[in-house]
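First the structure, in the form of structure tokens, and then the observations on it.
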Amino acid sequence: MSKPPVIAIDGPSGSGKGTLCKLLAQRMGYHLLDSGALYRLVALAAEHHGVSMENERALADIAAHLDVQFLTSADADKVVLEGEDVSLSIRTEAVGMNASRVAGLTLVRRALEARQRAFAEIPGLVADGRDMGTVIFPQACIKIFLTASAEERANRRYKQLKSKGLDASLADILVDIKQRDDRDQNRTVAPLRPAVDAVLLDCTHMSIAEVEHKVMTLIRNRGL
Ligand code: DC
């Protein structure tokens, strides 16, 4: 039986991957993997259980046994961790920073591999992350590396947090984004970098509609 097609979208924090991937999954009728949410969930579960962000073995154990449900409905998507709705709390900058730390740990990444690959089901998958095209789905039929300047990404993140009613400071977000970029790009395990066969897309001066149009054209040109 042929494997379900995978569209892998990688790139740094705030590049618009999340929004793009949701739109693509809807358009294509595909499943959606938000792999960043998994690292955020590990960080949040560790916090709840009083586990240090340096305790690699304990964090990998949490990652391997994450009790999580991704619920999708017409009006809102929900993430439920150990019975609690954490859709908003996993999106805070503090959790994002801890997620970036746990994401640098080999055992945690390994513990999440099978769970991520299990999302690739018929009719297909849109996978959002940092290592989708390089490590998790090297066989992906389309790989996009979506980026934008750090300033533009900070600006977008700021607006996103505000629209969700969360407290935010633009200057702090820019510092966080630069730190997270540095950590994600320079870690030894699965560093953030484009796959050799990825299409690079700099969307600093593009609207989300323009990005979606460009990527949909690529997808259609590959016969999907
Ligand atoms: O995309 P995000 O901001 O929700 O991701 C949270 C953190 O998880 C981010 O700092 C990088 C890390 N991450 C990763 O290392 N690999 C992935 N596939 C997805 C996210």
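The values are calculated or read from the model by the stated rules, or taken from the named source; none is laboratory data. Quick caveat: nothing in here was measured; it's all calculated off a predicted structure. Because the Cβ atoms are built from the backbone with ideal geometry, glycine has one as well, and the counts that use them run over all protein chains shown.
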Among the listed residues LEU174, LEU224, LEU146, which satisfies the condition of being over 27 Å from TYR30 (Cβ atoms) and surrounded by 13 or more Cβ atoms within 10 Å (Cβ to Cβ)? LEU174
From the list VAL51, VAL42, VAL6, which residue is touching a residue at least 40 places away in the same chain (Cβ under 8 Å) and either farther than 28 Å from GLU212 by Cα or away from the ligand (no atom under 16 Å from the Cβ) (or both)? VAL42
Would you please list the contacts, defined by Cβ atoms under 6 Å and residues six or more apart or on different chains, that run from a residue in the stretch 55-69 that is closer than 20 Å to GLU84 by Cβ and among the basic types (Lys, Arg) to a residue that is surrounded by 11 or more Cβ atoms within 10 Å (Cβ to Cβ) and at pLDDT 95 or above? none
Screening ARG193, ARG180, ARG187 for residues that are buried (at least 19 other Cβ atoms within 10 Å of the Cβ), closer than 22 Å to VAL102 by Cβ and among the basic types (Lys, Arg) leaves only ARG180
How many residues are touching a Phe, Trp or Tyr at 6+ places or on another chain (Cβ under 7 Å) and either more than 10 Å from the ligand (Cβ to nearest atom) or β-branched (Val, Ile, Thr) (or both) when one looks only at the stretch 121-143? 4
In the stretch 167-177, residue farthest from the ligand (Cβ to nearest atom) [restricted to those that are farther than 17 Å from LYS17 by Cα and in contact (Cβ under 8 Å) with a residue 12 or more places away in the chain]: LEU170
Got a sec? Which of THR204, THR217, THR188 is under 30 Å from GLU56 (Cα atoms) and not acidic (Asp, Glu)? THR188
For the stretch 89-104 the number of residues that are within 12 Å of the ligand (Cβ to nearest atom) and either basic (Lys, Arg) or farther than 24 Å from THR147 by Cα (or both) is 2
Residue check for LEU66: modelled with pLDDT of 95 or more, within 16 Å of the ligand (Cβ to nearest atom), within 19 Å of ARG110 (Cα to Cα) and not in a helix (DSSP H, G or I): yes
Would you check which residues across the stretch 15-58 are surrounded by 18 or more Cβ atoms within 10 Å (Cβ to Cβ) and more than 25 Å from PRO138 (Cβ to Cβ) and list them? ALA43, LEU44, ALA45, ALA46, VAL51, MET53
Counting only residues that are without any contact (Cβ under 8 Å) to a residue 40 or more places away in the chain and either surrounded by 14 or more Cβ atoms within 10 Å (Cβ to Cβ) or aliphatic (A, V, I, L, M) (or both), how many does the stretch 83-105 have? 2
List pairs: first in the stretch 128-142 and closer than 15 Å to GLN185 by Cβ and assigned to a loop (DSSP other than H, G, I, E, B), second at pLDDT below 95 and acidic (Asp, Glu), Cβ under 9 Å, 6+ apart or cross-chain? ARG130/ASP184
